[in-house]
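What follows is a short report on a single structure.
The values are calculated or read from the model by the stated rules, or taken from the named source; none is laboratory data. Note that the structure is a prediction, hence the values are computed from the model and not measured. Methodologically, a virtual Cβ is constructed for each residue, glycine included, from the backbone with ideal geometry; neighbour enumeration extends over all protein chains shown. To get the accessible areas, we keep the full protein, side chains included, count just its heavy atoms, and leave off ligands, DNA and RNA. Shrake-Rupley method; radii C 1.70, N 1.55, O 1.52, S 1.80 Å.
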Amino acid sequence: MNTLLGKNLKYDLKASLVVFLVALPLCLGIAIASGAPPMSGLIAGIVGGIIVGALSGSHVSVSGPAAGLTVIVLDSINSMGTFPLFLGTLVIAGLIQLALGIAKAGVIGYYFPHAVIKGMLTAIGLILILKQIPHALGYDVDAMGDQAFLQADSHNTITEIWYAFKYLSPGAIPIVLVALAILILFDRPRIRNHRVLGAVPSALWAVISGIIINSLYGIWKPEWQLGGDHLVSIPVLDNFGQLGDLVTFPDFSMIGESTFWIVAATIAIIGSLETLLSIDAADKLDPQKRTTPPSKELFAQGVGNTVSGLIGGLPITAVIVRSSANIASGSRTKMSAIFHGILLMILVLSIPNILNLIPLSCLAAVLFVVGYKLAKPSLFVNMYNNGWDQFIPFIVTVVAILFTDLLIGIGIGMVFGLFFVIKTNFVRAVTLTEMNGNYLIQLHKDVSFLNKALLMKNLSKIPSDSKVIINAQKAQFIDHDIQEVLNDFIASCSDRNIRVTVEGFKHKIYENL
């Protein structure tokens with residue numbers, strides 16, 4: 001075990017640093033978009049990394065505050081009246097998730113269609129790219145963690161890009177271009193495997209370049225220097241004695257009210273669904289194709305949300321943005337998720353002044369690369385080549401998530417995905433094959449009244465003077481309506497000189513056979 005840990009340590013440490021750089025602005029941005037204190041997002045990131053990371057059965061997923069819950073958290077804080085009361089509901093939500101994990105409710109995660117999961121990953125990749133364009137141009141009005149189409153600043157994803165080009169900050173553009181160039185160049189094997197250059201993640205080089213360029217603006221072109229909302233903004237402590245001021249404790253005074261329990265149940269159920277979707281997607285991205293036990297993940301998330309609520313953090317879920325950044329950076333084990341949580345805790349408290357020098361535009365470049373890896377053009381081609389029953393649910397999910405939000409988009413995609421699953425099963429439930437005037441009707445697995453029209457269509461194709469075999473050896477269930485259709489067909493065969501043989505039926509379907 002120790003040998004394996006040592007072998008993977010350098011990969012996990014590098015990946016954790018990249019995930020830290022991705023998580024830092026998202027934790028802050030999600031908290032701001034949720035109407036919560038900025039520190040609550042960082043607390044959720046720390047708890048999600050260290051506690052959930054340690055308890056999780058996933059090797060590659062990373063947990064933290066979820067962009068998909070932003071609107072729900074904002075509405076919940078408003079409905080409860082105070083942030084401490086909301087924290088009380090979060091503690092209860094965590095306990096509900098614990099119960100779901102113990103009850104093995106995570107099996108629901110196995111029922112998400114593959115095309116819908118692929119669509120979710122692609123949509124998130126496109127959202128990352130579209131949402132980072134304003135930050136890349138130095139238009140930082142909307143919080144970096146806001147991933148919904150309709151934004152908190154009354155714009156939407158598309159109009160925000162228009163305003164970004166109209167009101168851009170010139171100094172942001174060289175920073176993002178240099179950062180992108182570094183990220184692309186450092187992805188080449190010669191540099192990535194270099195003893196010195198490859199020892200430091202490309203994302204860190206990109207961040208360092210952004211800090212240096214912005215500092216040089218102060219000397220040579222002050223009007224281009226970025227400050228204020230264009231930089232990371234972490235609360236700065238004058239001394240560690242102020243640490244307690246950043247922690248908010250929950251209020252359970254409304255635990256007897258129905259509103260309290262409705263909010264708690266909503267967070268638990270929606271957060272669990274987002275977690276199950278994310279771990280399924282992360283498992284599909286994992287190069288080693290390892291599988292995460294879903295119920296164990298719900299248990300880990302329950303512990304995480306209970307702790308997060310007790311010390312003033314936001315709701316936690318497994319999140320695909322950080323997970324995909326983790327995988328793309330070469331993570332080998334769950335230690336990278338734990339290390340990223342430790343980095344958040346140590347660096348946010350020890351060097352906030354340095355972190356507050358990071359331009360959001362260079363972090364946008366890091367997220368551009370993550371987004372592109374999730375939404376490569378080749379993925380669209382591959383899904384199209386898989387057939388319409390895969391491509392339509394995939395593309396519907398992508399479009400729905402882009403123009404609504406994650407959970408609504410997934411719901412729409414699921415409807416289309418299930419439609420094609422059911423349609424495919426209908427077609428395969430009854431098959432008709434012909435060879436030299438001999439016909440074979442096969443009933444596969446479960447044949448219900450929903451397959452009645454298909455069966456009658458196939459039977460109508462059989463001409464007079466034929467030989468027919470009706471085989472039910474593979475059928476586990478045959479509806480009474482199906483038996484009646486077969487009885488009626490067999491009864492008419494003598495008038496048409498059709499000879500029928502039945503095979504594999506558990507009960508006699510026609511008394512004269």
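Can you tell me which of 72, 43, 50 is under 15 Å from residue 250 (Cα atoms), touching a residue at least 24 places away in the same chain (Cβ under 8 Å) and open to solvent by 10 Å² or more (accessible area, probe 1.4 Å)? Give the steps one after another, and end with the answer.
On the way: 72 fails: under 15 Å from residue 250 (Cα atoms); 50 fails: under 15 Å from residue 250 (Cα atoms).
Going through 72, 43, 50 in turn, just one is under 15 Å from residue 250 (Cα atoms), touching a residue at least 24 places away in the same chain (Cβ under 8 Å) and open to solvent by 10 Å² or more (accessible area, probe 1.4 Å): 43.
Which of (1) open to solvent by 60 Å² or more (accessible area, probe 1.4 Å); (2) under 28 Å from residue 128 (Cβ atoms) is the odd one out, the single condition residue 262 does not satisfy?
All conditions pass for residue 262, except number (2).
When you go through (1) assigned to a helix (DSSP H, G or I); (2) touching a residue at least 24 places away in the same chain (Cβ under 8 Å) one by one for residue 357, which number turns out not to apply?
The single condition residue 357 does not satisfy is (1).
Give the number of residues within the stretch 137-150 that are out of contact with any Phe, Trp or Tyr (no Cβ under 7 Å at 6 or more places or on another chain) and crowded, with 19+ Cβ neighbours inside 10 Å. I'd like the intermediate steps shown before the answer.
Of all residues in the stretch 137-150, those out of contact with any Phe, Trp or Tyr (no Cβ under 7 Å at 6 or more places or on another chain) come to 138, 140-148, 150.
Still in the running and crowded, with 19+ Cβ neighbours inside 10 Å: 138, 140, 142-148.
Looking only at that region, the number is 9.
Could you tell me which numbered condition residue 385 fails, if it satisfies all but one of (1) open to solvent by less than 90 Å² (accessible area, probe 1.4 Å); (2) within 30 Å of residue 131 (Cβ to Cβ); (3) among the polar types (S, T, N, Q)?
The single condition residue 385 does not satisfy is (1).
For the stretch 449-492, which residues satisfy the criterion of being exposed (fewer than 15 other Cβ atoms within 10 Å of the Cβ), within 43 Å of the chain's Cα centre (by Cα) and outside any helix (DSSP H, G or I)?
473, 474, 476, 477
Scan the stretch 279-330 residue by residue and report those that are assigned to a loop (DSSP other than H, G, I, E, B) and open to solvent by 10 Å² or more (accessible area, probe 1.4 Å).
Correct list: 287, 288, 289, 290, 291, 293, 311, 329, 330.
Among the residues of the stretch 224-246, how many are touching a residue at least 40 places away in the same chain (Cβ under 8 Å) and open to solvent by 50 Å² or more (accessible area, probe 1.4 Å)? Give the derivation first.
Filtering the stretch 224-246 for residues touching a residue at least 40 places away in the same chain (Cβ under 8 Å) gives 224-226, 229-237, 240, 243, 246.
Of the ones still in play, those that are also open to solvent by 50 Å² or more (accessible area, probe 1.4 Å) are 224-225, 229, 233, 236, 240, 243.
The qualifying residues number 7.
Which of the following residues is in contact with a helix residue (DSSP H, G or I) (Cβ under 7 Å, 6 or more places away or on another chain) and acidic (Asp, Glu): 245, 283, 238, 251?
Details: 245 fails: in contact with a helix residue (DSSP H, G or I) (Cβ under 7 Å, 6 or more places away or on another chain); 283 fails: in contact with a helix residue (DSSP H, G or I) (Cβ under 7 Å, 6 or more places away or on another chain); 238 fails: in contact with a helix residue (DSSP H, G or I) (Cβ under 7 Å, 6 or more places away or on another chain).
Being in contact with a helix residue (DSSP H, G or I) (Cβ under 7 Å, 6 or more places away or on another chain) and acidic (Asp, Glu) holds for just one of 245, 283, 238, 251, which is 251.
Go through the residues of the stretch 114-121 one by one and say whether even a single one is closer than 30 Å to residue 259 by Cβ and surrounded by 22 or more Cβ atoms within 10 Å (Cβ to Cβ).
So the first thing to find is which residues in the stretch 114-121 are closer than 30 Å to residue 259 by Cβ, and the list is none.
No, that holds for no residue.
Identify the residue in the stretch 472-499 that is under 19 Å from residue 452 (Cβ atoms) and aliphatic (A, V, I, L, M) and, among all such residues, is modelled with the lowest pLDDT.
Looking at the filtered set, the residue picked out is 475.
From the residues in the stretch 192-210 that are hydrophobic (A, V, I, L, M, F, W, C) and either loosely packed, with under 15 Cβ neighbours inside 10 Å or out of contact with any helix residue (DSSP H, G or I) (no Cβ under 8 Å at 6 or more places or on another chain) (or both), which one is modelled with the highest pLDDT? It would help to see each step written out before you state the result.
Kept after step one, since they are hydrophobic (A, V, I, L, M, F, W, C), are these residues of the stretch 192-210: 196-197, 199-200, 203-208.
Checking the rest, the ones that are also either loosely packed, with under 15 Cβ neighbours inside 10 Å or out of contact with any helix residue (DSSP H, G or I) (no Cβ under 8 Å at 6 or more places or on another chain) (or both) come to 196-197, 199-200, 208.
Details: 196: 76, 197: 76, 199: 80, 200: 84, 208: 95.
Step by step, filter the stretch 192-210, then rank; the result is 208.
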